[in-house]
Amino acid sequence: MGQGPLSGLRIIEFVGIGPGPYASMLLTDMGAEILSIHRKGAEKTTLTDIASRGRKSITLDVKTPEGHAAVMRLVTEADGLIEGFRPGVMERLGLGPDDCMTANEKLVYGRMTGWGQTGPLSNAAGHDINYISLTGALAAIGPADKPTPPLNLVGDFGGGAMFLAMGMCAAFFEAERSGKGQVIDCAMTDGSASLMTFFFNFMAQGLYKPQRESNMLDGGAHYYNTYETLDGKFVSIGSIEPQFYAELRERVGLSDKDFDHQHEAANWPDLTNKLAEIFKTKTRDEWDEILSGTDVCYAPVLTLDEAISHPHNKDRETLIARDGVVQPNVAPRFSRTPSAIQGAPVTPGQHNDTALQGWGFSDDEVEALKSGHIL
């Protein structure tokens, strides 16, 4: 049994890509026991996937009667199920919500897609960049001349995985009271739109301009921006509040009266250029000595390699090495029922010999599935 606030929950995961496994990782870190089911043949994959950490993994041919029957047995023992296929795939396999929830009415059935289970685009292919395009998020990100993909953090992992994990937890809580499960339609477009709430609020107040680099938080303001340093590295400044802006001016030496008018947007481009010239006079380490730990709202812009060794991250063990693999530690942190990395990343089929026994299968039944090339 895992360690954490979700200890005792059992979930089966039909492994897809990216957001689904990451949602499962979050739930596993919080103590849920998750059995990952990969398609037969996936066991040839040997690459390390950090998001698979702490789980048990099998490969199973669910298109066979025996494989289907094995899944349905697992469903009767599970509290939840996660899948990330296009709408209709699980139904065609005879493993859709109706099939599974007939076998286990308390099952929480989590469905992760880009566009959602319904709507004109529900069956279209897509990736993070497309999902955030449809919600206004991508149009708001990047320099003035073109939108810039913000890695795949907004749609896949913010708008997708985290909303699925949160939805699963809410549905588990409700199922304990009602005795009944439900389906969670988690669309990355819906989640991405929700993440834009702050900016829709600005728009409703008449404070948002559609042109990139025209707003306070999109690179338009000189006091909320990144700046290159003498050694070609970068620092970030977020001195929004008056008291923080005053400290920025004092520590950086912004005596020019043009800087008196912090929120005069017409002056932002000129003030940004002036600040850029100043930051290029010192190395990032030199600026770090001046600004780190102050109320300027400052941080050095670190690469992944640099982030590992930053003193703050080291003190909190935000990034750690486990089994030779550097990875993010668990988040968030619970005071009484702490989460934990439950184990190393796994490869598909790693637990074909042992995992099913923990779900009520006998050794002979497992051997029969293996000899029939189903497991």
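Structure notes:
- Hits in segment 177-199 - residues which are in a helix (DSSP H, G or I) and either in contact with a Cys (Cβ under 8 Å, 6 or more places away or on another chain) or touching a residue at least 12 places away in the same chain (Cβ under 8 Å) (or both): Met188, Thr189, Asp190, Gly191, Ser192, Ala193, Ser194, Leu195, Phe199
- Residue within segment 303-318 that is surrounded by 12 or more Cβ atoms within 10 Å (Cβ to Cβ), at positive phi, in a loop (DSSP other than H, G, I, E, B) and not aliphatic (A, V, I, L, M) present: no
- Evaluation of Asp288 against (1) among the acidic types (Asp, Glu); (2) surrounded by fewer than 16 Cβ atoms within 10 Å (Cβ to Cβ); (3) in contact with a strand residue (DSSP E or B) (Cβ under 8 Å, 6 or more places away or on another chain) (one fails), failing number: (2)
- Output for segment 127-180, where each listed residue is within 16 Å of the chain's Cα centre (by Cα), over 17 Å from Gly18 (Cβ atoms) and among the charged types (D, E, K, R): none
- Residues of segment 276-302 satisfying the condition of being more than 30 Å from Met30 (Cβ to Cβ) and assigned to a loop (DSSP other than H, G, I, E, B): Lys280, Thr281, Lys282, Thr283, Ser292, Gly293, Thr294, Asp295, Val296, Cys297
- Of the residues Val301, Val330, the single one that is of a type in the set (A, V, I, L, M), touching a helix residue (DSSP H, G or I) at 6+ places or on another chain (Cβ under 6 Å) and at pLDDT 95 or above is Val330.
- Thr102 passes every criterion in (1) in contact (Cβ under 8 Å) with a residue 60 or more places away in the chain; (2) surrounded by fewer than 16 Cβ atoms within 10 Å (Cβ to Cβ); (3) among the hydroxyl-bearing types (Ser, Thr, Tyr) apart from (1).
- Selected residue (only one of Gly16, Gly54, Gly84, Gly20 is within 16 Å of the chain's Cα centre (by Cα), within 24 Å of Val326 (Cβ to Cβ) and assigned by TED's automatic domain parsing to the domain that holds Val326): Gly20
The values are calculated or read from the model by the stated rules, or taken from the named source; none is laboratory data. Bear in mind the structure is a predicted one, so any value in this text is a computation, not a measurement. In this analysis, Cβ positions are derived from the backbone assuming ideal geometry, glycine residues included, and neighbour counts consider all displayed protein chains.
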